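Everything on this sheet refers to the single structure shown next.
The values are calculated or read from the model by the stated rules, or taken from the named source; none is laboratory data. Model, not experiment: these values are computed from the prediction. When we count neighbours, we look across all protein chains shown, and the Cβ atoms used for this are built from the backbone with ideal geometry, even at glycine.
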Amino acid sequence: MRGIYVHVPFCVRKCGYCDFYSVAAGEEERDRYPALVEREMDLLLRKFPGEAGVPADTVYFGGGTPTVLGPGRLNRLLAAIRSRFPVAEDAEITTEANPGTVTGDDFARLREGGFNRVSLGVQSFRPGTLAALGRIHSVEDVRAAYRDARRAKFRSVGIDLIFGNPGQDEAEWQEDLDLAVTFLPDHVSAYALTPEPGTPIQAAIAGGEIALPDDDAVARMYTAARDTLRAAGYGHYEISNFARPGMECRHNMKYWRRDGYLGLGPSAHGLLFPAESAPFGLRTANPPSLPDYARALREGRPAWSSTRACGREDAWKESLLFGLRMSEGVSPPSIEKRNGPPPDEARKAVEHLIGSGLLLREGDRIRLPEQHWFVSNEVLQRLA
Ligand code: SF4
């Protein structure tokens, strides 16, 4: 079964570190959005009628800030998806939520509409850090949103945290972690701040106005996250993700396991498997621009600004690169079953990494040893 991802390209205000595609939007623009995504689905089904029969067991609304749309529009979009694609009864249906944009009533309505998982963008429990990151919400908003999400009885409530923030020291991060576990979230994502080019935070660092902790301190913060969350009963199932047993994000696992997913909305990416034209997968990318996206749909074209039919080499490379992010690693025989024998280059690269201790072989699986998780990009690049 595949996943369905909907990108909601609206935020109240841009955070200082963020380079995801999102814009501030008025009521009218937000009102028009569900109809655009509905049109995108209809045009896609016109081009690939077979897609109407592909069942989905995860739906994920990300952004941007999906909750800026409000529960009425989100529920309408979810119903529109269900009316066009078979969505499993027990599907995982997630929305990301910014704590400054939701009320208890919103959560209750989302729950009624069929959402069963919420991922709260907390980032930090320190007012100074929230201000440095340019977040719109306060620590009190986080407490209220978490309480309201629990009262609405979502099956899973997760929180996202960021470490390696401007001016942050290790003791402050440890306090954030200690506080996070007292909430008893089902899922925790912890990402190191990456100052993306073109963002205000990156400009402030370049201008010497702020400084990030050094690399060694950030590496120790990563270890602190792993140690604290593990001790509290969370499995470290992917480089940046932790979950109580059985509460892993099924939708994101599809990306790492290279299962298919539809990507809807501006800047969304997808991976389809139309058997006749792209048996190894068709990667789709929507334009990172709401006007361009809307124009394509008005002209009756699918919103894709680019597509790429994957070959066997791509399928192998991607299966290794994404799969090795997970603690479960990958099974080369399973990849071979789906995609045929490994290209020589991939086989040699894997053998070389195993020989130098950068990958571990366990039975028919291979995985990245934990001591290399923080520098996984450097190791995995050798497979790219
Ligand atoms: S709320 Fe999320 S998507 Fe929006 S600007 Fe902030 S980090 Fe980016």
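Per the listing A88, A35, A79, A97, the residue uniquely touching a Pro at 6+ places or on another chain (Cβ under 9 Å), more than 16 Å from the ligand (Cβ to nearest atom) and either of a type outside the set (S, T, N, Q) or without any contact (Cβ under 8 Å) to a residue 40 or more places away in the chain (or both) is A88.
Among the residues of the range 180-195, are any over 15 Å from Q123 (Cα atoms), surrounded by fewer than 20 Cβ atoms within 10 Å (Cβ to Cβ) and of a type in the set (A, V, I, L, M, F, W, C)? Looking through the range 180-195, at least one residue is over 15 Å from Q123 (Cα atoms), surrounded by fewer than 20 Cβ atoms within 10 Å (Cβ to Cβ) and of a type in the set (A, V, I, L, M, F, W, C).
Within the range 231-252, if we keep just the residues that are assigned to a helix (DSSP H, G or I) and of a type outside the set (A, V, I, L, M), the residue that is nearest to A192 (Cα to Cα) turns out to be N252. Assessment of the range 115-125 against the conditions (more than 16 Å from the ligand (Cβ to nearest atom) and surrounded by fewer than 23 Cβ atoms within 10 Å (Cβ to Cβ)) yields at least one matching residue.
Okay, residues lined up against (1) touching a residue at least 24 places away in the same chain (Cβ under 8 Å); (2) in the same structural domain as S189 (by TED's automatic domain parsing); (3) of a type in the set (A, V, I, L, M, F, W, C):
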position	(1), (2), (3)
L110	yes, yes, yes
G121	yes, yes, no
T129	yes, yes, no
E140	no, yes, no
A145	yes, yes, yes
R150	no, yes, no
K153	yes, yes, no
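Scanning the range 44-72 for residues that are within 16 Å of the ligand (Cβ to nearest atom) and part of a helix (DSSP H, G or I) gives P66, T67, V68. Residues that are near the ligand (Cβ under 8 Å from one of its atoms) and either in contact with a Pro (Cβ under 7 Å, 6 or more places away or on another chain) or among the aromatic types (F, W, Y) (or both) within the range 11-23 comprise Y17, F20, S22, listed in sequence order. Screening A278 on (1) in contact with a Cys (Cβ under 8 Å, 6 or more places away or on another chain); (2) touching a residue at least 40 places away in the same chain (Cβ under 8 Å) shows it passes everything except condition (2). For E328, the criteria (1) in a loop (DSSP other than H, G, I, E, B); (2) at pLDDT below 95 hold in every case but one, which is (2). Of all residues in the range 1-10, exactly one satisfies the criterion of being near the ligand (Cβ under 10 Å from one of its atoms) and in a loop (DSSP other than H, G, I, E, B), namely P9.
Do we find a residue being under 17 Å from E51 (Cα atoms) and aromatic (F, W, Y) anywhere in the range 309-329? The answer is no, given that none of the residues of the range 309-329 is under 17 Å from E51 (Cα atoms) and aromatic (F, W, Y).
So if I check each of D105, D90, D160, which one is under 27 Å from P200 (Cβ atoms), in the same structural domain as V68 (by TED's automatic domain parsing) and not hydrophobic (A, V, I, L, M, F, W, C)? On inspection, the qualifying residue turns out to be D160. Counting only strands (runs of 3 or more DSSP E) that sit completely within the range 260-308, those holding 1 or more residues that are closer than 26 Å to G26 by Cβ and small (G, A, S) correspond to 261-264. Only residues that are under 21 Å from the mean Cα position of the chain (by Cα) and exposed (fewer than 13 other Cβ atoms within 10 Å of the Cβ) were counted in the range 272-307, giving 1.
Looking across G114, G134, G100, G50, one residue alone is at pLDDT below 95 and at positive phi. It is G134. Residue count for the range 100-109 under the criterion of being more than 16 Å from the ligand (Cβ to nearest atom) and either part of a strand (DSSP E or B) or not charged (D, E, K, R) (or both): the result is 4.
Give A232, A204, A225, A219 a once-over and let me know the one that is touching a strand residue (DSSP E or B) at 6+ places or on another chain (Cβ under 7 Å), among the aliphatic types (A, V, I, L, M) and either surrounded by 15 or more Cβ atoms within 10 Å (Cβ to Cβ) or touching a residue at least 60 places away in the same chain (Cβ under 8 Å) (or both). Within the list A232, A204, A225, A219, the selection yields A225.
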